[in-house]
Amino acid sequence: MKWQYQQATDAVSQNRKNLNDFEALVKANSRDMDTAWIVLCGALVFFMQAGFAMLEAGIVHPKNVTNILFKNMIDASIAAIAFWLLGYGFAFGSDSGGFIGKCGSACYFGLKDVYNGAGDGMGSSDGWEKWFFQWAFAGAAATIVAGAVCERTKLEAYFIYSVFLSTFMYPVIVHWVWGYGWLSAWGAYPDSNGVARPIFNKDTRSNGLIDFAGSGVVHMVGGFCGLVGAIIAGARRGRFGPDGSVNTLFDGNNTLQALGVFILWFGWYGFNCGSTLMISGGAANVAGKVAVNMTISAASAAITATFLAKALQGHYNISMGLNGVLAGLVGITANCAVVDPWMAFLIGFVAALILYGGHYLLLALRIDDPCDASVVHGFCGMWGIWATGIFCTDKNVQYAGYPNANEACGSGEQFGVQVVGSLVIAAWTIGMSVMLFLFIDKTIGIRVSAEVEEAGLDISEHGVAPSYEQQPQVPSRLCPRVWTFLQVH
């Protein structure tokens with residue numbers, strides 16, 4: 001009898017050990033799946049650099065193509081080193097007053113706390129993939145500006161800007177929203193006991209700012225920084241005539257533009273779906289929903305922009321249609337996990353209207369943004385933040401995995417949080433950008449000489465001789481009906 005009891009006890013112990021081993025294996029497999037998911041999505045986000053490069057190469061004059069390709073290459077490289085040494089630590093380090101990350105329980109400057117075995121054995125990753133994913137986002141934010149200030153800025157000025165944005169300006173916003181900063185929905189501004197204090201109520205009745213994949217964090221930062229750069233750099237020579245006319249300096253290469261936009265659209269699935277930051281534990285369902293919503297928003301904006309062009313310009317304008325795709329993607333990026341498909345359709349529709357209105361607003365103000373980067377990313381990024389507060393539902397917020405169960409969307413509080421967050425992001429970005437670009441302009445100068453601009457940046461900066469004839473400057477025929485209205489009024 002005693003022997004049988006011992007056998008039973010041994011069997012229970014063995015079963016318990018087998019169960020523990022199985023649970024550890026499942027946990028390890030889930031960790032490996034999540035890590036692979038983040039690496040894959042990070043690679044898709046990085047591939048968006050090729051999309052930006054092709055899109056911008058299709059917009060600028062052929063005498064500046066090498067220059068814009070070089071800028072896309074160099075800002076991704078600068079972002080990698082700057083974000084490794086300092087930016088990642090400022091973004092995701094231990095909180096300092098809700099403003100910026102520092103060394104504390106976690107120190108990520110130079111990836112100090114990311115090393116072999118940094119995770120807790122079988123269940124947690126060491127953190128390598130997290131830096132990789134976030135660097136890809138930092139590189140995307142930096143490259144947006146290239147399109148707004150292209151064809152007339154010095155490379156040295158661009159180097160300085162890329163370092164500053166990747167090291168400090170962008171990581172501060174990341175800390176506010178995605179780290180432990182005062183706007184965060186993921187553990188905002190923790191008190192001495194580590195309890196989060198999201199605005200407005202500073203408890204679980206509030207969510208903090210919902211920006212799932214970066215309409216504000218990435219696109220508003222890049223877009224508004226580009227807007228300031230375009231204003232301080234000034235318009236390209238010949239863009240605006242003395243009589244108020246707008247001259248088309250180059251008709252563009254529609255093939256490269258289309259290739260760039262389709263690459264961006266493809267990579268954007270990594271951008272938004274990958275922002276689940278995991279694929280196990282039901283996150284795959286959220287990623288699937290995100291993919292549907294962003295597809296509908298992009299398509300809605302593309303169709304709206306296309307038919308607006310037909311109505312206002314008298315013909316189908318592929319450039320506006322392509323920019324409509326991007327506007328819809330930017331608008332849905334903040335809210336892709338917390339809205340329903342019919343809402344995504346409306347978000348894309350409004351984004352296309354903002355694209356059109358912003359495009360002609362900049363022309364009326366004589367602001368020269370060759371790629372409409374500030375409109376697509378800045379204005380539509382702000383719309384994405386606001387649309388989150390307008391269309392989110394509390395049920396969808398919980399489905400997306402946000403930590404607090406409350407009625408912030410239903411009560412309207414979330415819209416207030418979104419407006420405050422967007423205005424602060426815009427104010428920080430514009431303020432920092434004004435100081436940055438004015439400093440550059442007053443020291444080394446932001447703009448190339450008139451002679452260099454006329455000859456093209458390819459030959460002056462890269463030694464690439466042009467092999468084409470200059471196109472004459474002609475009055476713009478992008479939208480004669482709208483432009484006639486602006487001139488009269």
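Using packing as a proxy for protection, rank 220-226, 254-260 so that the peptide with the highest average count of other Cβ atoms within 10 Å comes first. If you can, show how the numbers build up before the last one.
On the way: 220-226: 30.6, 254-260: 17.4.
The densest-packed peptide leads the list: 220-226, 254-260.
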Given the peptides 269-277, 344-352, arrange them by the average over their residues of other C-beta atoms within 10 Å, most packed first.
344-352, 269-277
Could you state how much accessible area Glu407 has, in square angstrom rounded to the nearest 10, with a 1.4 Å probe and all protein chains kept in place?
140 Å²
Helix 221-233 versus the longest principal axis of the chain: what is the Cα-based angle in degrees, 0 to 90, to the nearest 10?
20 degrees
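Accessible area per residue of segment 93-141 at 1.4 Å probe, in Å²?
On the way: 2140 Å² over 49 residues.
Ligands and nucleic acids excluded, the result is 44 Å² per residue.
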Mean separation of Cα contacts under 8 Å (6+ apart) over length of the chain, as relative contact order %
21 percent
Probe radius 1.4 Å, ligands and nucleic acids left out: which of Glu451, Glu413 has the largest accessible area, and how do the rest follow?
Glu451, Glu413
Helix 413-443 versus the longest principal axis of the chain: what angle, 0 to 90°, nearest 10, using Cα atoms?
50 degrees
Output wanted: per-residue J couplings in Hz (rounded whole) for segment 387-396, from phi through Karplus 6.51 cos²θ - 1.76 cosθ + 1.60, θ = phi - 60°, x for Gly and Pro.
4, 4, x, 6, 9, 5, 10, 4, 5, 5
Normalising by the residue count of segment 322-395, find the relative contact order in percent from Cα pairs under 8 Å and 6+ residues apart.
49 percent
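Per the 1.4 Å probe, what fraction of the accessible area of segment 2-488, in percent, lies on carbon and sulfur atoms? Before the final figure, lay out each step's value.
Working: 12900 of 19730 Å².
About 65 percent, which is the carbon plus sulfur part of the accessible surface.
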If you count only protein heavy atoms and use a 1.4 Å probe, how large is the accessible surface of Ile199, to the nearest 10 Å²?
20 Å²
Would you pull out the residues with amide H under 5 Å of Thr248's amide H, same chain only if 5 or more places away, H placed 1.01 Å from N?
Val474, Ser476
Just read off the accessible area of Trp128 with the full protein assembly in place, 1.4 Å probe, to the nearest 10 Å².
120 Å²
What's the lysine pair count for segment 2-488 at a Cα cut-off below 26 Å, pairs eight or more apart or interchain?
18
Which ³J(HN,Hα) values in Hz, rounded to whole numbers, follow from the phi angles of segment 340-351 under the Karplus curve 6.51 cos²θ - 1.76 cosθ + 1.60, where θ = phi - 60° and Gly and Pro get x?
9, x, 5, 5, 4, 4, 5, 4, x, 4, 5, 4
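How much mean residue ellipticity at 222 nm does the chain get from its helices, if each DSSP H run of length 4 or more adds -39500 (n - 2.57) and you divide by all residues, to the nearest 500 deg cm²/dmol?
Values: 18 runs with 297 residues, N = 489.
So the calculated ellipticity at 222 nm is -20500 deg cm²/dmol.
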Relative to the longest principal axis of the C-alpha atoms of the chain, give the angle of the C-alpha long axis of helix 254-273, reported between 0 and 90° and rounded to the nearest 10°.
20 degrees
With every protein chain left in place, what is the accessible area per residue of segment 252-380 in square angstrom, probe 1.4 Å?
32 Å²
What are the residues whose amide H is under 5 Å from the amide H of Thr153, where those residues sit 5 or more places off or on another chain and H is modelled from the backbone?
Val448
Which order do peptides 389-402, 46-59 fall in by mean Cβ count within 10 Å, highest first?
46-59, 389-402
Karplus couplings for segment 452-460 from phi (6.51 cos²θ - 1.76 cosθ + 1.60, θ = phi - 60°), rounded to Hz, Gly and Pro as x?
5, 4, 5, 6, x, 6, 4, 6, 7
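The values are calculated or read from the model by the stated rules, or taken from the named source; none is laboratory data. This one's a predicted model, so the numbers in the text were calculated from it and none came from an experiment. Note that we place each Cβ from the backbone using ideal geometry, even for glycine, and neighbour counts take in every protein chain shown. Calculation scope for accessible area: heavy atoms of the full protein, side chains included, ligands and nucleic acids excluded. Shrake-Rupley method; radii C 1.70, N 1.55, O 1.52, S 1.80 Å.
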